[in-house]
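Throughout, read-outs are computed from the coordinates displayed, never taken from laboratory work. Predicted, not measured: the structure shown is a model, and the values here were computed from it. Cβ placement follows ideal geometry from the backbone for every residue including glycine, while neighbour counts extend to all protein chains displayed.
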Amino acid sequence: METVERSYDGHEYICRGEWSEWSVKPAKTGWVVELSSSIQGNYTCGKYLVQYAAHWPQGAQLDSKRNETYVLADAIVAHTPDGQNTRTLRRPYRVQ
């Protein structure tokens with residue numbers, strides 16, 4: 001199982017593993033999500049804008065618990081890149 005390190009400085013939430021990393025930070029109109037992976041066949045270097053919504057409003061604490069193991073930042077990342085109101089800022093590519 002991959003070792004995961006999480007950090008939150010009050011502005012940007014970062015989750016780093018041995019083979020992948022993602023971050024979530026606020027922007028003017030939504031959350032900027034950056035996803036990267038070094039696992040062959042996965043997508044990497046994607047950057048997305050997820051619009052603010054009632055369930056992840058502007059100014060929300062990204063480390064607030066959604067349930068026992070899930071924080072708000074996890075919910076935003078799970079919504080990316082296939083969710084509604086998500087815009088691709090940088091198209092990802094597949095790791096060869």
Could you work out how far the C-alpha centroid of the range 1-20 sits from that of the range 22-96, in angstrom?
-> 13
Classify the range 4-94 as rounded, prolate or oblate from the Cα gyration tensor: take a ≥ b ≥ c as the square roots of its eigenvalues, call it rounded if a/c is under 1.5, otherwise prolate when a/b beats b/c and oblate if not.
-> oblate
Residue 44: net charge of surrounding residues, Cβ under 12 Å, Lys/Arg +1, Asp/Glu -1, itself excluded?
-> +2
